[in-house]
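Only one structure is covered here, and it is reproduced in the block below.
The values are calculated or read from the model by the stated rules, or taken from the named source; none is laboratory data. Everything quoted here is computed from the prediction, not taken from an experiment. All Cβ positions, even for glycine, are placed from backbone atoms using ideal geometry, and neighbour counts span all protein chains on display. Ligands, DNA and RNA are stripped out before the accessible areas are found, and what is left, the full protein with its side chains, is counted by its heavy atoms. Shrake-Rupley method; radii C 1.70, N 1.55, O 1.52, S 1.80 Å.
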Amino acid sequence: SDLGQPAADKKRQVALFCANTDLCRITEDLVFTDPWRVAEANRWTSPQLDATAAAVRTDGPWKRAAQELKLEFLGNAQAMIHGDLHSGSIMVTEAETFAIDPEFAFYGPMGFDIGALIGNLYLAFFAQSGHEARPGERDAYRQWILETAEAVWRLFEQRFRTLWDTAHAGDAFLPALFADG
């Protein structure tokens, strides 16, 4: 979070990460463009999911909604975000948790990272049946994934609200403007 960060530090970060267009483009294409076209990075189980993949590529309203979200992603520089946050980008030990691969970082919509992480967990949830030798053998793991997604959101929301209420010192919504109610 950049709440309470000195303005000079913010300006240096903006200068560094505003030019990060090549790596930002990878995320942009992967999330907002490639799912709606034939793309080299797309993978699905063929022939079982060929019709589903074709239906996604021809769904005009869904493609339009994705492009509206892409516009929001590109034009809403609210906070420094990781830009490629998923379960493989998070390292956990007994003592600490941290994100790796910061080279994708840029200024974008503050909800993108948490949405990407929770989306990654839900994809893992839905993929489990394809890994089962017997139906239901991964039910406990599926339940753990759902509980983890819920815990991630709950902890994010709690920490965000705490920082917003106690350390809000950004340039927008200055606390002094709202001191009188």
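Roughly how many percent of the accessible protein surface of the chain is carbon and sulfur, given a 1.4 Å probe and a whole-percent answer?
Details: 7480 of 12480 Å².
It is 60 percent, rounded to a whole number.
Here are labelled values, (i) 12.9; (ii) 14.2; (iii) 10.9, and one is the computed mean projected area of the Cα convex hull in nm² for what I pasted. Which one?
Here mean projected area of the Cα convex hull in nm² agrees with entry (ii).
To the nearest 500 deg cm²/dmol, what mean residue ellipticity at 222 nm is calculated for the chain from DSSP H runs of n ≥ 4 alone, each contributing -39,500 (n - 2.57), summed and divided by the residues?
-16000 deg cm²/dmol
Let me spell out the model: positive unit charges on the Cβ of Lys and Arg, negative unit charges on the Cβ of Asp and Glu, origin at the Cα centre of the chain. What dipole size does that give, in debye rounded to 20?
340
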